[in-house]
Every structure is written in structure tokens, then in C-alpha cells.
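Visitor: One structure, as C-alpha cells, below. Some questions next.
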Amino acid sequence: MRIRAGLGAIAAGALIFSGAVAAQASETPGAETVTLNVSEAMVPAGFDPAVAEANGYKIVTDSTGEQRSVPVSAEAIAFEERLASSALKARTTWVQGPCGNSWINAVSKGNSKFISTGYVVPRPVIAKLWIVQVWGWSGLPSFSWSGPSGASWSSSWSFSGGGDFANVLPGSNVVMNNGTVCVSGSPGENFHS
């Protein structure tokens, strides 16, 4: 299935964070593997009709006023059948909230900080706007990511400096291939050793 991004969701996400200065972080894993994560459910926050249409879906409103995305192209219908079939065969359940799960882990080793963040959602991501903010006594560094990904995405990095707390900023979101916009629950935690 060809997947195309809708500019509306990206622009809307950018407006959420207008005026924020975010440093681009590397998406290469850090030197350490950290296994403790703070996670929060991701929740639906509407639809991007342009993304839905570009990928063979249509946003419809039912008699109660609730919107949903339905596949209308043969390609989208076949994709939904494969998705439903693979979900039935899965041995584990990983979707914590209605749109999935987002997480963060913040570790401190002396003057070095290690952060990991990511999400797992039920379908491919066309666009994301993901920002992690570090709060503390020596400035407020932030790190941001954008662009498409698979249904699962993560990034880990390290930096030198201070900081007491790190969190995924409210409003960080993904737009899935059916046009659903999912917003992170803004997981955060104090740096720990």
C-alpha cells in the first residue's frame, strides 16, 4: 500500500509547539540498554481526512455523531483484512490504550543522561511530531522527531548536563495510515540511576 502524509496533521502538530526550540536528536541507540520504562496510553484526537483519502480510507460520521475511518479502496480493504488476521494470531497484547502506548525512560550516570522514548500503535504511522523535554537546573534541552515510521518506533540518546525530569510533551502525536490522529499520554519520569 502506498502511504502518503497529509500536510494538515503536520501543520496542526507544528502549531501545538510553535515557539518551542527543539534540538534534533540522533535516532541511534545509546551505549547502554535500559529496560525500565514509564508508559502512558495514547488516545485518539480526531482524524486527518487527507491522509485517510490518500491511503484509501474515508472518514464517516454515524447517526450518533461519532466519526470513524473506513476502508474504501481494494488496497485498504485488503490491508484491513491482513491486519485483523495478524491480530487474531498474535500471542501477546501490546496496545495499552485506544491508540496504543507511549513510553520514556530517563537514566542518570554522573554528568551523563540517557533517555529512551517511543510508541507502539496498531498500524503504520504516516507522520509523527514527537518532542521530549528535559527539565532542571541547567537549561531546558529538548529533542524532537518527525516523519513516518512503522507501528513501533523508539529512539535512545545521551547528553552531558543537568536535568531532573524528562517527559514526552503533551500534544506529541502520530497520524496512522487510516487518518487517525493519536496523542501521547505524555509519559515522564525523574532521572534515576
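Visitor: Where the second residue is among the charged types (D, E, K, R) and part of a strand (DSSP E or B) and the first is over 19 Å from Cys99 (Cα atoms) and at pLDDT 95 or above and lies in region 54-73, which pairs have Cβ atoms under 6 Å and are six or more apart or on separate chains?
Guide: Val72/Lys58
Visitor: Of all residues in region 130-149, which are in a loop (DSSP other than H, G, I, E, B) and modelled with pLDDT of 95 or more? First the steps, then the outcome.
Guide: Applying the first criterion (in a loop (DSSP other than H, G, I, E, B)) to region 130-149 yields 136-141, 147-148.
Of everything in region 130-149, those that are in a loop (DSSP other than H, G, I, E, B) and modelled with pLDDT of 95 or more turn out to be Gly147, Pro148.
Visitor: Right, here's the next one. Among (1) outside any loop (DSSP other than H, G, I, E, B); (2) open to solvent by 40 Å² or more (accessible area, probe 1.4 Å); (3) touching a helix residue (DSSP H, G or I) at 6+ places or on another chain (Cβ under 8 Å), where does Ala127 come up short?
Guide: Condition not satisfied by Ala127: (2).
Visitor: Out of all the residues in region 47-88, which are among the acidic types (Asp, Glu), surrounded by 14 or more Cβ atoms within 10 Å (Cβ to Cβ) and in a helix (DSSP H, G or I)?
Guide: Glu53, Glu80, listed by residue number.
Visitor: Of the residues in region 106-124, how many are surrounded by fewer than 19 Cβ atoms within 10 Å (Cβ to Cβ) and over 18 Å from Asn177 (Cα atoms)?
Guide: Counting residues in region 106-124 that are surrounded by fewer than 19 Cβ atoms within 10 Å (Cβ to Cβ) and over 18 Å from Asn177 (Cα atoms) gives 5.
Visitor: Next question, about the same structure. Sort out which residues of region 157-183 are closer than 18 Å to Lys113 by Cα and open to solvent by 30 Å² or more (accessible area, probe 1.4 Å), and write them in order of number.
Guide: Selection gives Ser158, Phe159, Ser160, Asp164, Phe165.
The values are calculated or read from the model by the stated rules, or taken from the named source; none is laboratory data. Treat the numbers as computed from the prediction; the structure is a model and nothing was measured. Cβ sites come from the backbone with ideal geometry, for glycine too, and all protein chains shown count toward neighbours. Surface accessibility is based on the protein's heavy atoms, side chains included, excluding ligands, DNA and RNA. Shrake-Rupley method; radii C 1.70, N 1.55, O 1.52, S 1.80 Å.
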